[in-house]
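One structure is given below, encoded as structure tokens.
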Amino acid sequence: MVLKLSTVLSIQDAQFDAVVYKGNIDENIAQIAEIGYDGVELAVRDPRLLDVGALERSLHKHNLAVPALGTGQAYGEENLSFTAVDSDVRARAIARIKSHIKLAKRFDALVILGLIRGVTPPGVGKVQAMRWLVHALRECSEYAAKEGVRLALEPINRYETDLINMIEEGLLLLEQVGSRYLGLLPDTFHMNIEEPSIERSIRRAGAAIFHFHVADSNRRYPGAGHLDFDGILRILKEELNYQGWISAETLPYPDPRTAAEQGFARLRAVLAADPSFHSG
Ligand code: LER
Ligand code: MN
């Protein structure tokens, strides 16, 4: 299998700004394909709001795969989380992720677990929040295993959540949950803030890496900041024999098309510089 490239399209309009594309599904899918990406990662707040048939037609027309579904907007827009004080909200967050799993199955995609984990609520200790988190991950992983869909937990920087900021914490959590359907999603933007060494952490995560987000140090397209994508991609491909996707989740600056084109060009250049790399 070859290393494949995708970028992120938010199906619904959303407050979260680190997605290259928002809305205008068919138009944006056409543009993503035209630039050369192999796939499109979809940020989906609620699968019920989606015209899956139209989406499938558009993906088919432009020959794009869907490697992953992002779910963070269910938290960002609706406050659903695995660690909410209200047990009804926690149950609805789990049910929502199950609906993402069902949708992911149609696309042979994995489901990203990012901000849906929430934050430690005021007045509740982190120990309790982690218990709720482990419980939710177990229930979602069991369901995912039945459906044959994989889940990828994303360590996220401290300014967005206090729960699981680093790869090492993510690995410990995977051990606690104990499902081979649950892995990690490292994101270079978060790693640049939290990890003592991005390279060492990627090596440490190893086979637990199910999916991979790239953005430069300033969360703009790869090449717009100071991260070493040559080194990062070399470890993934050569040392770890990573078989998954590299997905550009970046700010749409200076505009979506330029961000998508520049990011793609930089990643392709890195991959092309090494004869063992190939995309597409
Ligand atoms: C989502 O993939 C992400 O990286 C987070 O920053 C969401 O807030
Ligand atoms: Mn990310």
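The values are calculated or read from the model by the stated rules, or taken from the named source; none is laboratory data. Keep in mind that what you see is a predicted model, and the values were worked out from it rather than measured. No Cβ is skipped: glycine too gets one built from the backbone with ideal geometry, and neighbour counts run over all protein chains shown. With ligands, DNA and RNA removed, areas are computed over all heavy atoms of the protein, side chains included. Shrake-Rupley method; radii C 1.70, N 1.55, O 1.52, S 1.80 Å.
Divided by 2.2 N^0.38 Å, where N counts the residues, the Cα radius of gyration of the chain comes to 0.93. Taking a Cβ cut-off of under 14 Å around GLU34, the surrounding Lys, Arg, Asp and Glu residues balance to a net charge of -2, with basic ones at +1 and acidic ones at -1. Over the chain, Cα pairs under 8 Å with separation of 6+ residues give a relative contact order of 20 percent.
Ranking PHE210, PHE16 by solvent-accessible area of protein heavy atoms (1.4 Å probe, all protein chains present), from largest to smallest, gives PHE16, PHE210. For the peptides 85-98, 184-197, the ranking by packing is 184-197, 85-98, with the highest mean count of neighbouring Cβ atoms within 10 Å listed first.
Among the DSSP helices (H) of the chain, those spanning at least 24 angstrom by Cα along their long axis with an average Kyte-Doolittle hydropathy of -0.5 or more are 87-107, 126-147, 256-273; this is a geometric and hydropathy rule only.
Here's the list of lysines a cross-link from LYS22 could span, going by alpha-carbon distance under 26 Å and ignoring same-chain residues fewer than 8 apart: LYS4, LYS61, LYS98, LYS102, LYS105.
The local environment of GLY263, defined by Cβ-Cβ distances under 12 Å, has a net charge of +2 under the rule Lys, Arg +1 and Asp, Glu -1. Once neighbouring chains are kept in place and the probe is 1.4 Å, which whole percent of the accessible area of the range 148-280 is contributed by carbon and sulfur? The value for the range 148-280 is 49 percent carbon and sulfur by accessible area. Could you tell me how far the Cα centroid of the range 160-216 sits from the Cα centroid of the range 114-152, in Å? So the two Cα centres are separated by 15 Å. Taking all protein chains together and a 1.4 Å probe, the residues HIS226, HIS135, HIS211, HIS62 rank HIS226, HIS135, HIS62, HIS211 from largest to smallest accessible area.
Note on the chain: helix-only mean residue ellipticity at 222 nm, from DSSP H runs of 4+ residues weighted -39500 (n - 2.57) and normalised by residue number, equals -13000 deg cm²/dmol. Using a probe of 1.4 Å on the protein chains alone, the accessible area found for TYR253 is around 100 Å². Candidates SER58, HIS226, ALA104 compared by Cα position along the dipole of the chain: farthest toward the positive end lies ALA104, with charges placed on Cβ. Per residue, the accessible area of the chain comes to 41 Å² when a 1.4 Å probe rolls over the protein heavy atoms.
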